[in-house]
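A short write-up of the structure that comes next.
Coordinate-derived values only; no laboratory data. Here the structure is a predicted model, which means the values were calculated and not measured. Counting neighbours? That spans all protein chains shown, and the Cβs are built from the backbone with ideal geometry, glycine included.
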Amino acid sequence: MPAGTEKLTLSLPDGTALELEPGATGADAALAIGEGLARAALALKVGDEIRDLSAPVGDGEEISIITSRDPEGLEVIRHDAAHVMATAVQELYPGTKVTIGPAIENGFYYDFEFPEEVKITDAELPAIEAAMKKHIKADEKFERRDLSVGEAIEIFKAQGENFKVELIEDLITNEGAETVSLYRNGPFEDLCRGPHGPGTKKIKVIKLNSVAGSYWRGDENRETLTRIYGTAFFDKQDLKVHLEKIEQAKARDHRRLGPQLDLFMLREEAPGMPFWLPNGSVLLGLIEKEVREQLDRRGYQEIATPQVMDEALWHRSGHWENYKDDMYFMEVDDRRYALRPMNCPGACLVYGAHRHSYRDLPLRLAEFGRVTRNEREGVLHGLLRVRAFTQDDAHVYCTEDQIESEVGDICEAIDELYGRFGFEDVSVELSTRPEKSLGSDDLWEKAEAKLQAALDAQDREYTVNPGDGAFYGPKIDFHVTDALGRSWQLGTCQLDFQMPERFELDYTGADDERQRPVMIHRALLGSMERFAGILIEHYAGRFPSGWRRFRR
């Protein structure tokens with residue numbers, strides 16, 4: 001056999017080997033495994049990466065073929081459906097500009113800039129849906145081409161697609177991109193990383209759900225866009241179940257039930273800052289009571305720190321360099337202050353106000369702290385995404401030897417509290433160092449190892465979420481599943497070696513030497529407002545016996 005023509009050897013999910021000719025693609029691999037699989041194939045999976053079936057395979061790669069039986073298959077056809085929706089929209093409304101259109105949990109969306117004379121409401125969705133079905137029936141192939149960034153910019157400039165030009169220019173600036181990929185289906189071609197299925201006919205069932213407003217890049221100072229949401233499934237019954245859940249979610253929407261039950265109101269005078277009404281204040285009091293029971297049983301001391309503190313404090317804590325864009329500032333008597341977005345610097349000042357011995361540790365300081373964050377108005381959502389809220393916060397100062405037991409105690413408190421509120425399905429994530437962070441690699445590796453050891457000591461199942469830790473340390477996040485099967489991130493336990501160093505916190509060790517404590521940030525529920533919104537929807541406003549009348 002001539003040099004360079006050796007066959008490729010691939011590994012399949014069951015461990016068997018598959019031999020293919022050089023230059024073979026994912027489609028070739030599917031066909032080699034079986035004709036039935038080739039007909040059902042949607043995409044190629046190499047390790048954790050999903051690729052087009054037309055993508056070449058490499059020698060030694062571990063591959064699998066994605067079909068409708070795989071969760072990734074649903075994501076692929078939803079991405080396909082988003083492109084088909086854009087095809088239909090530009091066909092029905094000439095002059096419409098497209099921005100981005102990703103697959104998301106339970107569906108997909110696309111953001112459009114329509115001509116000024118075009119107003120899209122839910123009433124137009126059936127016509128768009130009908131046009132989509134024609135393109136799906138035509139089985140238009142998804143064809144990829146790679147070209148230089150310069151060529152792509154010229155193409156989109158000629159089409160007047162200024163949003164695409166901006167995206168490519170950002171890829172050049174931020175990633176040093178030299179080439180980009182475009183995907184075509186029928187008459188529509190878009191800037192896209194992929195992957196896509198082989199053709200539109202693989203999309204079996206579609207439904208456009210709603211129309212909403214949005215801003216380009218999520219910035220309310222940029223262009224106003226129209227977002228169309230939809231979903232796609234392989235089976236009509238799956239779509240039926242999904243639509244029933246949507247109707248249930250509408251019936252449970254806390255933004256509707258809250259005012260009806262006289263719990264809270266939202267006003268234009270204070271966007272993202274809820275007004276709690278008498279019944280709502282009682283509900284918050286009941287939630288707070290359950291949290292305080294955990295504090296009392298576990299040796300926490302309660303503190304209260306100022307909401308407004310000197311800007312210099314936030315430089316010292318590291319928030320300025322990592323969080324300043326999400327903060328509010330003010331100037332009084334030529335001195336700059338900040339509204340606190342987090343409670344931890346205040347807790348550090350409390351700890352540092354006294355001398356401590358190793359006998360004082362662990363020192364557990366709790367605070368129902370009011371915080372304010374400069375969230376963009378376009379992302380605010382009832383109680384679930386607000387600007388002003390109260391955290392059931394606490395900061396534990398301990399020795400390194402005490403980390404495992406303290407983390408275990410926090411996890412136990414969270415388990416008990418969620419059980420009290422009727423949340424039984426709880427999952428856990430360990431989030432590691434983000435790109436934007438403080439401190440050395442050694443400290444981060446030690447902190448991550450400590451949290452992992454604490455979770456392992458509990459025999460607790462968890463997944464790793466790379467790069468999603470806090471800027472000062474790794475964290476354990478708790479997710480609950482509500483009555484509609486939706487997952488919500490609530491409690492958190494974060495390990496911090498950075499802030500004690502920045503605030504020069506110490507304690508006297510058993511050897512009479514000054515030692516640096518470790519700081520654990522923890523919240524059992526997170527935002528009290530957000531938790532109340534989740535609770536309203538979980539129970540559809542019909543709270544358990546004893547809560548219904550909101551008596552203290």
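In whole Å, largest first, what are the principal axis extents of the Cα atoms in the stretch 259-538?
Extents along the principal axes: 62, 54, 36 Å.
Using the 10 angstrom Cβ neighbour count as an exposure proxy, how do L42, L257 rank, fewest first?
On the way: L42 28, L257 18.
Ranked by crowding around the Cβ, least crowded first: L257, L42.
For a label point 7 Å from the Cα of N162 along Cα→C-beta, name the residues of the stretch 379-401 whose backbone N is under 20 Å from it.
Inside the label zone: nothing.
Return the subset of K201/K245; K119/K236; K134/K236; K202/K250 for which the Cα-Cα distance in this structure is over 20 Å, preserving the input order.
Result: K201/K245; K119/K236; K202/K250 exceed 20 Å.
Order of D441, D170, D190 from fewest to most other C-beta atoms within 10 Å? Spell out each step's value before the answer.
Working: D441 8, D170 12, D190 21.
Ordered from fewest to most neighbouring Cβ atoms within 10 Å, D441, D170, D190 come out as D441, D170, D190.
Between E117 and Q458, what FRET efficiency follows from the Cβ-Cβ distance if R0 is 60 Å, with the result rounded to 0.05?
Taking R0 as 60 Å, the efficiency between E117 and Q458 is 0.45.
Which whole-angstrom value gives the distance between the alpha carbon centres of the stretch 87-134 and the stretch 312-337?
Centre-to-centre (Cα) distance: 42 Å.
Any idea how far apart F329 and R217 come out in nm if each label point goes 7 Å out from Cα toward Cβ?
In this crude label model, F329 to R217 measures out at 2.0 nm.
Taking the stretch 97-171, which trypsin sites (Lys or Arg not before Pro) meet the DSSP loop condition and have no more than 16 other C-beta atoms within 10 Å?
Passing both the DSSP loop test and the Cβ count: K119.
Multiplying the sequence separation of H354 and A270 by 0.36 nm and subtracting their Cα-Cα distance, what value in nm do you get?
Fully extending the segment from H354 to A270 adds 26.4 nm.
Given H placed 1.01 Å from N in the peptide plane, which residues other than close sequence neighbours of E223 have an amide H under 5 Å from its amide H?
Answer set, sorted by chain and number: W216.
What list do you get for E151, E377, E113 if you sort them by fewest beta carbons within 10 Å?
Least to most surrounded, the residues fall as E377, E151, E113.
Express in % the proportion of alpha carbon pairs of the chain at distances exceeding 46 Å.
In whole percent, the long-distance tail amounts to 25.
Check the straight Cα-Cα distances from K157 and name the lysines below 23 Å, setting aside those fewer than 8 residues away within the same chain.
K97
Return P(r) of the stretch 72-252 (all Cα-Cα pairs; 5 Å bins starting at 0; whole %; ordered from short to long distances).
Taking all Cα pairs of the stretch 72-252, the binned fractions are 1, 8, 16, 21, 20, 17, 10, 5, 2, 0 percent.
Multiply the residue separation of T224 and H381 by 0.36 nm, subtract the distance between their alpha-carbon atoms, and state the gained length in nm to one decimal.
54.7 nm
Normalised by the residues of the stretch 341-452, what does the relative contact order come to in percent, with Cα pairs under 8 Å and at least six apart? The partial results should precede the final answer.
Numbers: 75 pairs, mean separation 26.5, N = 112.
The normalised contact order for the stretch 341-452 reaches 24 percent.
With an 8 Å Cα cut-off and a minimum separation of 6 or more residues, compute the relative contact order for the stretch 126-233 in percent.
On the way: 145 pairs, mean separation 29.5, N = 108.
Averaging sequence separation for qualifying contacts and normalising by length gives 27 percent for the stretch 126-233.
Enumerate the calculated ³J(HN,Hα) couplings along the stretch 207-219 in order (Karplus 6.51 cos²θ - 1.76 cosθ + 1.60, θ = phi - 60°), each rounded to whole Hz, writing x wherever the residue is Gly or Pro.
7, 8, 9, 6, 10, 9, x, 8, 10, 4, 6, x, 10
Could you work out how much longer the chain between A483 and A177 gets when fully extended? Use 0.36 nm per residue separation minus the Cα distance between them, nm to one decimal.
105.7 nm
What FRET efficiency comes out for the pair E72/E244, r = Cβ-Cβ distance, R0 = 25 Å, nearest 0.05?
According to the calculation, E is roughly 0.50.
Could you tell me the largest-minus-smallest coordinate of the C-alpha atoms of the stretch 1-151 on each of the three principal axes, in descending order and whole angstroms?
66, 38, 26
Show which lysines lie in cross-link reach of K324 when reach means a straight Cα distance below 16 angstrom and same-chain residues fewer than eight apart are skipped.
Qualifying lysines at Cα under 16 Å: K436.
Helices from the chain with mean Kyte-Doolittle at least -0.5 and a Cα length along the axis of 20 Å or more, per DSSP H: which?
71-92, 278-297, 403-420
With an 8 Å cut-off on Cα pairs and a minimum separation of 6 or more residues, tell me the relative contact order of the chain in percent.
11
Through the Karplus equation 6.51 cos²θ - 1.76 cosθ + 1.60, θ set to phi - 60°, convert the phi angles of the stretch 8-18 into ³J(HN,Hα) values in whole Hz; use x for Gly and Pro.
Rounded to whole hertz, the list is 7, 10, 10, 10, 9, x, 7, x, 6, 9, 10.
HN-Hα J couplings of the stretch 489-499 from phi, Karplus 6.51/-1.76/1.60, θ = phi - 60°, integer Hz, Gly and Pro as x?
So the J values, rounded to whole Hz, are 7, 10, x, 8, 9, 10, 9, 10, 9, 7, 5.
Each label point is 7 Å from the Cα along the Cα-to-Cβ direction; what then is the distance between the points at D296 and D14, in nm?
Simple spin-label model gives 6.1 nm for this pair.
Normalised by the empirical 2.2 N^0.38 Å for globular proteins, what value does the Cα Rg of the stretch 8-67 take? Present the calculation step by step, with values, prior to reporting the outcome.
Numbers: Rg = 9.9 Å, N = 60, 2.2 N^0.38 = 10.4 Å.
Its radius of gyration relative to the 2.2 N^0.38 Å reference: 0.95.
Return the long-range amide H neighbours of G199 (sequence gap of 5 or more, or a different chain), with a cut-off of under 5 Å between placed amide H atoms.
F142
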